Structures are given as C-alpha cells and as structure tokens.
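One structure below.
The values are calculated or read from the model by the stated rules, or taken from the named source; none is laboratory data. Keep in mind the model is a prediction, meaning the values are calculated, not measured. Cβ coordinates were reconstructed from backbone atoms using ideal geometry, including for glycine residues, and neighbour counts include every protein chain displayed. To get the accessible areas, we keep the full protein, side chains included, count just its heavy atoms, and leave off ligands, DNA and RNA. Shrake-Rupley method; radii C 1.70, N 1.55, O 1.52, S 1.80 Å.
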Amino acid sequence: MAWTNEELSGRFREIAELLQLSGADRFRVRAYERAADAITAARVDLAAVPRGELAELSGIGTSTAKKIAEYLDDGEIAMLVELREKVPAGLRELTRVPGLGPKTALQIHTALGIDSVAALGEAVAERRIRELPGLGAKTEDNIRDGIRRIGAKDTDRRPAADAIAVAEELCALLRRLPEAHEVAYAGSLRRMRETVGDIDILVASAHPQPVAEAFRRSPLVREVLASGDTKTTVMTVRDLQADLRVVAPEAWGAALVYFTGSKAHNIRIRERAVRRALTLNEYGLFRRPDDEADDAVSERVASRTEADVYAALDLAEVPPPMREDTGEVEAAAARALPAVVTLEQLRGDLHGHSDWSGDGKATLDEMVEAAVARRYAYWAVTDHAEDLTMNGVTRAGMVKRRAVIARLQEETSLRILDGAELNIAIDGGLDYDRDFLLTFDWCVASVHTLMTRPEREQTARIMAAMEHPAVHAIGHPTGRKIGKRPGYDLDFDAICEAARETGTALEVNASPRRLDLSGEMVRRAVEAGVSLTISCDAHTVGDLGSMRYGVATAQRGWARAEDVLNTRDLDGLLAFTAAKRERWS
DNA sequence: GCCGTTTTCGGCCCGACTGTTTTCAGTCG
C-alpha cells in the first residue's frame, strides 16, 4: 500500500527540485516540497482516499490534489513530464556538488553552458567560474573541493551503533567538567534514527572556552576542523564528524529542541509559534516585538527546558524519537499524543544468551547477576536450539541447563525463564519435538538460514512457526542488519495479521546493529493490534544495556506500555503464554 | 501553491556562515 504514497511523494519532490532549477518562485517550490512531506507523513493510502477529500490533508490544496488524481489515473503527472524535458539532466547533476545550490548551478549553466560535473571541473581549471558576476576565486576553490568530495566516504550516513559509543564517551568526558551544567547528545542519534550523519553534542555552560578545550583534547578526536566561540567541529578517530555546541544554561531547553530536530518537526512547531505572534530559535521562544519598535528587546517566553518550550506553544511534550513530523505535532496540540512506553516500565527482558550457546560470551550466573542488577522481575535465557549447527544446545544440554537454572533460582527473586531461541526452518518447522518444546517457559523463534528465499516462502515459514503453541515471539522479525544487509522479503501486513490471530508477539530487537522491527514497522504492528516485546538479544553482560535503544525504537513507532508484553508483571506475562497454549494445543 | 485564534490576500521557519559585497544572496542544517 505504501508504494503509492512513496511514489507520489517522490514525484512531488522531483517537481520541487525541477521548479527550483527553472528559477521558479521559491514559495511555490516549497509548496511542492511540503506536499511531498505531507504525503510521506500520511497514515493512509492516498489511492484509497476519495478524490474529493485529498485537499483536506494539510499541505495539499486543490492544485496538488488534481495532480495526485492525475497520477493515480494516468500513472504520470503532465507537469512533471514537461519539467523533465525542459530542465537539462546535466543541470540537476551540478547540484550534487556540496556547496553548489540551485541558484548558482542555474547561473553557471546559463552563462557558460555547463551541463555536467566533468565540464564544471574543466571550467574551474580554466578559471572561468570566477569571471561570473557575484562569484569569485574563493567560490571557484570551494566548487573544486566540492567536486572532490562527491562520493567521498565522509558524506555517508552510518549505523547509529557506530556513533553511540563515541557520543556517549564524549558526553562522559564533558560531564566531568565543573563548567558543564548539562550535557547531552542531540540530533538524529537522540531521535534514535537508524543511521546518523554526524554526532551533535550540546553542553549548557556559562564558560564555553574550557568546555571546547576539553572536547578538542579528547583522545577520540583525530582532527579539529573548526572551533569558534560556541561551535567546535572535529573528526573523530572513528571517521565520524562530531559537533560540540555550548549554550547558556537558560537557553538549554530551546537549544535541545532545536538541535534534536527533526528539521521537519522544527519547522512545524516554528510555524505554530509564528501563528501565536511568537518566534522560536535555538535561544528561546520569544514574543515578537510590535512592529516599528525595531530596537525593542523581545521578551523571552520560554527556553530553560524542553517541557517549557512545548508548554508555551500549547503542545504536549513530544518524546524525541517521535519528532519526525508524522502527525505528532497535531496529536500534541490535540492532547492526543499516546503515552509511549518508557525504559522504567519494562519488567524484564525476553531474549538473551549464555555460554550454553556457542556464541554467548558470559556464563548463565553472570547473565542472571546482570539481570538482577537491572531490577528486572524476570529474564529469559533463550540459548540457541539444536538446529543451529554451530551454536545450538542439544536436548540433553537443555535438560542439564535446567538444573543450573534451578540452583540459581534458589538464590534470587528474579524469575529466570527457561527459554530457547528456536530456528524456523524453510518449511516452518522448529527444533526438538512438540512435547519437549512445551516444557519451556518461553520460546523465541527466529530465521537464521536461507534468508534470500522469495517473499511468499519467507512469509509462509514465519506464519507456520507462529501457529506452534510453544512459540511466544518472533525474534528479529525481518533479519536486517543496519548498514550490512536488508531484511528478507516479507508480507509484513500478513505477518501482523497472523501474529494477532495466533497470539504471538513480534520482537523489537534492541541491539543497535539490528533495531528490528524498525520504528516504522512498530507503528504498523501497533496499528494492527499486535503485541510486541522489546528485548536485547544479549550475548554479553554489557548487551543488557541496549534496552534503551529498543525502547526508543518502540517510541518511534508510537508503542504504548500496553502494546509491549514485557511491561507486564510476571503473572501477566505467564497469562499470555498460557493463553497461547490453550488456544493451540 | 497553500493557508487563516491578524482569514480569501499577503504572507510563507530560523540563524550561522561564507563570499561577495557596501547591505545582501546563497547554502546549509
């Protein structure tokens, strides 16, 4: 279903880009960009919306609605077809050069007839760019650098997992400074996007210099790229750029909102500010001075905390992972924002390994101790089952492990759930036999093999596994590894339907290398009424600390505590497993 | 092209930085 929306959004974004390169009015350009954003954020399939109601969506007017209808009927938009013919492909290519925007690209194309990056490079070498009005030698140098940077590694986004360790280490270093009042990382990492372009670290301090100094001297810093009064940019030893911004303590909240983004979310709330005769920037929310009085000092309405800023805009405070302009501002205004699940609400972790499986790095004793330290009510040890040739535990091994669990259970009030991570064979079959499977407290079933089979087969194998009475959750349901491999092909709507029907949970795997389900899929699962688990899939003691990434991912999907199985107490959890057994035995 | 707690025209998010300029335009995040 989402295909139609995605295609439509892409068409309107292309119209905006081409209009810009035709020198169109910038507000008209922006209107098409906003239409594209509105379509991306739409929670319904536009193909299913009655034509007369399309213009009711915010950001879509009569003209855009007509073009949407045109696309749905004809498969193309005449205006876009014309624009594609009119705007040379080479002109579009020029804007790929960092620092070279549509205005300058158009000027260079018109004046010099340049229609490729290669030709641009020649013009630079021949010093023809600096002859153009408004452009000089420096601009020419910057274009040369920009051409060199195309395709360079440092413009790529990286898995959030790569950035987290660096960001947290830098924050820890800054927190030790007496000058630092508050320290946090912001940006897409705080929103828990799956990939990040750089690391944004924010410090509240009245004394920026020593903070910047400590930052520059960190052993994680390979090179200082720029350092001014309030902003320092460095390249870290992990090839990730990191920005430090120091703000006055009274501006902390406004700065945190600003630097957390997303950009689309910020625009949305600033527009709201404008409608209230306010203006919002990284220093605070201000009342706009009455016109004429140019030198009047504008009054600061809010800025100290994020909660202050949202409250002054008459909005419920939006959790950072939800700040993507996918309806959260409207919901916050209507006080209809769901109370999303929090880390504190989790009572246990339902997917973890010990060294009973070959890939577990800690003993069962150590893992249990770590789970106790997290004050969980329960923890499931789900060592790999026997079909995973290299790492699996045999039936005899599992029986022996039960003796160890029994011994450990005597020493702790944490309930240790005797579990397994089963392997879903290509025909949907599982490890061991049915009677033995029913003796476990908790089973996660996952796909570990044959990941490139077609969608129909992958969907069918997982649906078959969900019908087994011993299978309580599907582990890392799509099998993706961020930045490494995409998930296997699945009919996710069918998976959700089957999960709800069979009383099987879908896992939000909290490992930052996986985040599987993704935030977007969590949202679809929640809308379909599916129960979720948030689990670390820990293979080390330290992995148990990944839970917050899983929680943030669930928040991106607007999941509430009641959508998440491991917010339940032990009795509530056991009621879920018992219900499945009764229904399917 | 869109939109309205200043409503059907006249606005449209905000600031830093850069380079080119004597007051601003373009680009970026």
Members of the stretch A:5-23 found to be over 22 Å from the mean Cα position of the chain (by Cα) and not hydrophobic (A, V, I, L, M, F, W, C), listed by number: A:Arg11, A:Glu14, A:Glu17, A:Gln20, A:Ser22, A:Gly23
Any hit, the stretch A:541-562, residues being among the polar types (S, T, N, Q), open to solvent by 10 Å² or more (accessible area, probe 1.4 Å) and assigned to a helix (DSSP H, G or I): yes
Some residue of the stretch A:82-99 being surrounded by 16 or more Cβ atoms within 10 Å (Cβ to Cβ), at pLDDT below 90, more than 9 Å from DNA strand B (Cβ to nearest atom) and under 27 Å from A:Gly483 (Cβ atoms): yes
Check on A:Gly284, crowded, with 21+ Cβ neighbours inside 10 Å and in contact (Cβ under 8 Å) with a residue 60 or more places away in the chain: no
The stretch A:326-369, residues that are open to solvent by 10 Å² or more (accessible area, probe 1.4 Å), of a type in the set (Gly, Ala, Ser) and within 24 Å of the chain's Cα centre (by Cα): A:Gly327, A:Ala331, A:Ala333, A:Ala336, A:Ala339
Search result, residues across the stretch A:24-40 that are crowded, with 20+ Cβ neighbours inside 10 Å, under 20 Å from the mean Cα position of the chain (by Cα) and small (Gly, Ala, Ser): A:Ala36
Verdict on A:Leu21 being open to solvent by less than 20 Å² (accessible area, probe 1.4 Å) and either in contact with a Gly (Cβ under 8 Å, 6 or more places away or on another chain) or at pLDDT below 90 (or both): yes
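Rundown of residues vs (1) of a type in the set (Asp, Glu); (2) modelled with pLDDT under 90; (3) more than 12 Å from DNA strand B (Cβ to nearest atom), yes/no style:
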residue	(1), (2), (3)
A:Gln241	no, yes, no
A:Trp252	no, no, yes
A:Tyr258	no, no, no
A:His265	no, no, no
A:Arg270	no, no, no
A:Arg275	no, yes, no
A:Asp290	yes, yes, no
Options A:Ala460, A:Ala406, A:Ala465; residue that is out of contact with any Phe, Trp or Tyr (no Cβ under 8 Å at 6 or more places or on another chain), within 25 Å of A:Asp571 (Cβ to Cβ) and either outside any loop (DSSP other than H, G, I, E, B) or open to solvent by less than 10 Å² (accessible area, probe 1.4 Å) (or both): A:Ala406
Among the candidates A:Ile495, A:Ile534, residue that is surrounded by 21 or more Cβ atoms within 10 Å (Cβ to Cβ) and either charged (D, E, K, R) or farther than 18 Å from A:Thr567 by Cβ (or both): A:Ile495
Unique match (being open to solvent by less than 60 Å² (accessible area, probe 1.4 Å), among the small types (Gly, Ala, Ser) and not in a helix (DSSP H, G or I)) among A:Ala123, A:Ala180, A:Ala165: A:Ala180
Residue selected from the stretch A:419-447 under the condition under 17 Å from A:Leu490 (Cβ atoms) and part of a loop (DSSP other than H, G, I, E, B), by the criterion most open to solvent (accessible area, probe 1.4 Å): A:Asp427
Some residue of the stretch A:378-388 being farther than 17 Å from A:Ala538 by Cα and either at pLDDT 95 or above or outside the structural domain of A:Arg480 (by TED's automatic domain parsing) (or both): no
Residue list for the stretch A:48-74, restricted to those being open to solvent by 50 Å² or more (accessible area, probe 1.4 Å), away from DNA strand B (no atom under 11 Å from the Cβ) and among the hydrophobic types (A, V, I, L, M, F, W, C): A:Ala48
